[in-house]
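Here's the structure we're looking at; comments come further down.
The values are calculated or read from the model by the stated rules, or taken from the named source; none is laboratory data. Keep in mind that this is a model prediction, so the values were computed, not measured. Every residue, glycine as well, gets a Cβ built from its backbone with ideal geometry; the counts of neighbours run over all protein chains shown. What goes into the accessible areas is simple: the full protein's heavy atoms, side chains included, and nothing from ligands, DNA or RNA. Shrake-Rupley method; radii C 1.70, N 1.55, O 1.52, S 1.80 Å.
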Amino acid sequence: MDDVIARLEMHIDELNQAVEKTKKVSPNPAKQERRTMKSQTRKLKEIGDKNEQYEN
């Protein structure tokens with residue numbers, strides 16, 4: 001699970017750079033994808049935290 005989260009965070013960094021390059025585009029597809037990736041990362045972290053709680 002940590003590996004997946006790390007990959008998602010790297011992808012978010014790439015999307016941040018894409019957003020900076022295309023700031024004037026509206027609607028910005030890079031921003032939309034970044035929003036989705038951040039949401040998925042947040043949800044995975046919450047699931048991981050819950051699993052750790054139940055293991056301990």
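Remarks
- Some residue of the stretch 35-47 being touching a residue at least 12 places away in the same chain (Cβ under 8 Å) and not in a helix (DSSP H, G or I): no
- Lys23 vs. criteria more than 25 Å from Asn51 (Cα to Cα), touching a residue at least 12 places away in the same chain (Cβ under 8 Å), open to solvent by 50 Å² or more (accessible area, probe 1.4 Å) and among the basic types (Lys, Arg): no
So that you can scan it fast, the table gives a plain yes or no per residue for (1) open to solvent by 100 Å² or more (accessible area, probe 1.4 Å); (2) modelled with pLDDT under 95; (3) aliphatic (A, V, I, L, M):
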site	(1), (2), (3)
Asn16	no, yes, no
Val19	no, yes, yes
Pro27	no, yes, no
Ser39	no, no, no
Asp49	no, yes, no
Glu52	yes, yes, no
Asn56	yes, yes, no
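- Matching residues in the stretch 1-14 - criterion: being surrounded by fewer than 10 Cβ atoms within 10 Å (Cβ to Cβ) and touching a residue at least 12 places away in the same chain (Cβ under 8 Å): Asp2
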